[in-house]
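The values are calculated or read from the model by the stated rules, or taken from the named source; none is laboratory data. Worth saying up front: this structure is predicted, and the values here are computed from it rather than measured. Don't worry about glycine lacking a Cβ; one is built from the backbone with ideal geometry, like all the others, and counts go over all protein chains shown.
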Amino acid sequence: MIVTLHLVALALYALATALALAPFVGFRSTPRALAIAFPCAGAAAHVVALSQLTLVGLGPALSMLAFCLVLLQLASERLLRGSAVSFFAAPLATGLVGLAVLSGLSPGTEIPAGRGTWLILHVALSVLGLALMALAFIAAALYLLQFRELKARHFGQVFQLFPPLERLDQLNRIALVAGFPALTLGLLLAVGYGARFSGGAGLHVAKAQLVWGLFTWVVLGWAVWVRVVRHWGGRRAALASIAGFSAVLLVYVALKLVQPGAERFL
Amino acid sequence: MSIKVLGVNHRTAPLEVRERFAHGAHEVPGALARVMAAGASGGVLLSTCNRTEFYLVTDDEPALETVWSLLGERLDAAPSTGVREYGYIARDRDAVRHLYRVSAGLDSMILGESQIQGQVRDAWEASRAQAGPVLHRLFQTALHVGSRVRTETRLGMGTASVASAGAQVAGKIFGDLAGRHALILGAGDMAELAATCLSDQGVQITLVANRTQERARAIAERLGGRAVSLEESWAHFATTDIALCSTAAPHAVVTWERVGPVIAQRRGRPLCILDLAMPRDVDPAIAQIENVFLYDVDDLQTVAAQATARRRDEIPAAERIVEEETDLFWAWYGGLGVVPTIKELRSRMDQLRAAELERALRQLGGLSPEDRARVEQFSQSLMNKFLHQPTLTLKAAAEQGRGYGLLDALRRLFGMEPPE
């Protein structure tokens, strides 16, 4: 059932991706209602699947990340009054759900009784922080593409379909500023989880998980600091977001290559 | 009665003629009253900067002559006959289609512009007292057609003039333009048009003029902005969001030396410079500054041309909607009152038949019940035969949209009350 629902969500996200990218291959833009209907229907199937899933392991974490990304895509498109975020978010979510299904959706380990809420909150908040970081990356990428078109005086599909620079900059800022407390809380819950259920002896986490978690937190914290304290904006802030997210992704891939396997997120 | 439209528009008359024909809102009731007095049973006057059109429900030639006279009086030299060379008439179905195309923006100077829909609404509202039921319905449906075309096609998408293309490009940088600041260099027609376009979107305007300070002040006042001199303007490049240049200077006035150091004070905030002047007002080297987005007339014409091309692609879809709605209106107009009129006619004929039958039976005296029934059947059959062909003709005319005139004739011939 879980896999079937994931496959339904995957199909709907894939359709949303096709509709989002259609104008770039010469088709007409999809009516807004339809462009929203597919990710919404996919998210509905996805949330039912997630409610039956134990959030432990690579597959469930990727599935949760894809779900958060779709929700953020829908929310940010309301903010931007356009569907540009879906150019990146829809294929990313489709890919993540596909990877989740391939990795397997059954948990690698059992959750001891009474610890489920802690774990769900930890995973949900951490993944939400990561999804917001991904959204900031998407907004930054859209910003740079639109910036390039505007500077070069090209008035093609990017100019027509992408949102204005200032709105993308605003989305990048909101995503980073909201992502940092979410990730911080997620990490604090992990620390609390360890203190409460492991007698203060620390978490039963792999070293890689700890390294990557702290690295992501530092990168996100730095991105927020340069935006909020140093008042970076526009192109410089977009480049910083892209560099930060790419670094987080690269470190994850590197750590995963060292310790392969789908039973743990890392 | 048939529907007619008489008028002049941007295709048939130059601006200096059109502006003479334009009617202010206060002139509409008087003009329509004259046409109604000449025999029209309904009238609406649509007068914009691009067209002056009288929509009438009339069969009477004097009403049409009155319209030509009305327009002719507005031309200094030419008598009313001279007006006709600028004018046109469309009748019945063509008149309906014409108004639908006007409301959809298909007949506008700028294809697909939406302002016309508001003007159609205003015309209808200003002529409410004289419009009559047919024109009420026609204008109501014309607004519906305009909405349908704008919702179901992309005829109104994008921008189609250089000034509005400038606003669109600025919008792609800043998003919502409300509350932004624009510095307008120049006080000519193009500068005024562009300033008005930006002001309509909530942009705060500062006008700069060296030679025509008075005009700059007048425009700025009208747009709720202020006017400054050219020398004062350079400092504004540190704070303004949009700089629109449209001076008549023979060389670049916005140079690196004048604004380069000032723009550096912006700390990365974007500046959109729209150079609408020919020759150009802005030194192209300024575009090298990272946060400066510089566009000249060619760029903006490209944006406008793209929009126009996209709009042209939508014409067939828009025309289909117009045709569909014309069919619907025409079916309604043709069938207006057909069923109640036929019912009323049959009822009157039946009353006459019954009365005459009663009289005949009294005169014939001792008929057997079978014979009485035969005579009654004969009267019924005769009435049905008499009414059969007129009923069929009336229904067929209604289906073809020509029922209104026949109904009118029928009601007059048989002394029936006119329909509501």
Of the residues in segment B:100-151, those that are in contact with a Lys or Arg (Cβ under 7 Å, 6 or more places away or on another chain) and closer than 27 Å to B:MET1 by Cα come to B:ASP107, B:LEU143
Could you list all residues from segment A:156-186 that are crowded, with 23+ Cβ neighbours inside 10 Å, of a type in the set (A, V, I, L, M, F, W, C) and within 14 Å of chain B (Cβ to nearest Cβ)? A:PHE162, A:LEU165, A:LEU168, A:LEU171
Being surrounded by 24 or more Cβ atoms within 10 Å (Cβ to Cβ), within 14 Å of another protein chain (Cβ to nearest Cβ) and not hydroxyl-bearing (Ser, Thr, Tyr) is the requirement here; does A:ALA131 meet it? no
Residues (of a type in the set (D, E, K, R) and under 25 Å from B:LEU407 (Cβ atoms)) located in segment B:324-359: B:GLU324, B:GLU325, B:ASP327, B:LYS343, B:GLU344, B:ARG346, B:ARG348, B:ASP350, B:ARG353
Hey, among the residues in segment A:210-266 that are farther than 22 Å from A:LEU188 by Cα and among the charged types (D, E, K, R), which one's farthest from the other protein chains (Cβ to nearest Cβ)? A:GLU263
Test: B:ARG372 is assigned to a helix (DSSP H, G or I), within 27 Å of B:ARG412 (Cβ to Cβ), among the basic types (Lys, Arg) and in contact with a helix residue (DSSP H, G or I) (Cβ under 7 Å, 6 or more places away or on another chain): no
Spot the failing condition for B:THR391; the list is (1) under 30 Å from B:ARG91 (Cβ atoms); (2) loosely packed, with under 11 Cβ neighbours inside 10 Å; (3) hydroxyl-bearing (Ser, Thr, Tyr), and only one is missed. (2)
Are any of the residues in segment B:148-157 under 29 Å from the mean Cα position of the chain (by Cα), within 29 Å of B:ALA235 (Cβ to Cβ), within 14 Å of chain A (Cβ to nearest Cβ) and modelled with pLDDT under 90? no
So which residues in segment B:299-315 are more than 10 Å from chain A (Cβ to nearest Cβ) and either closer than 11 Å to B:CYS245 by Cβ or among the basic types (Lys, Arg) (or both)? B:ARG311, B:ARG312
Yes/no for B:ALA77 being in the same structural domain as B:LEU106 (by TED's automatic domain parsing), farther than 17 Å from B:PHE139 by Cβ and at pLDDT 85 or above: no
Within segment B:316-339, of all residues that are surrounded by 16 or more Cβ atoms within 10 Å (Cβ to Cβ) and aliphatic (A, V, I, L, M), the one farthest from the other protein chains (Cβ to nearest Cβ) is B:VAL338
Within segment B:37-47, residues over 20 Å from B:ILE116 (Cβ atoms) and crowded, with 21+ Cβ neighbours inside 10 Å come out as B:ALA40, B:GLY42
Would segment B:185-206 turn up any residue that is surrounded by fewer than 18 Cβ atoms within 10 Å (Cβ to Cβ), at pLDDT below 85, among the polar types (S, T, N, Q) and assigned to a helix (DSSP H, G or I)? yes
Can you say whether B:LEU410 is buried (at least 16 other Cβ atoms within 10 Å of the Cβ), modelled with pLDDT under 90, out of contact with any Cys (no Cβ under 6 Å at 6 or more places or on another chain) and in a helix (DSSP H, G or I), as far as the supplied structure shows? yes
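Look at A:ALA139 and say whether it is away from chain B (no Cβ under 12 Å), within 27 Å of A:ALA75 (Cα to Cα) and in contact with a helix residue (DSSP H, G or I) (Cβ under 8 Å, 6 or more places away or on another chain).
Here the answer is yes, as A:ALA139 does meet what is asked.
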Write out, first by first residue and then by second, each pair whose Cβ atoms fall under 6 Å of each other, whose residues are 6+ apart or on separate chains, and whose first residue, in segment A:135-164, is modelled with pLDDT under 95 while the second is basic (Lys, Arg) and part of a helix (DSSP H, G or I). A:PRO164/B:LYS172
Suppose the filter is closer than 30 Å to A:ARG81 by Cβ, among the small types (Gly, Ala, Ser) and in contact with a Ser or Thr (Cβ under 7 Å, 6 or more places away or on another chain); does B:ALA243 pass it? no
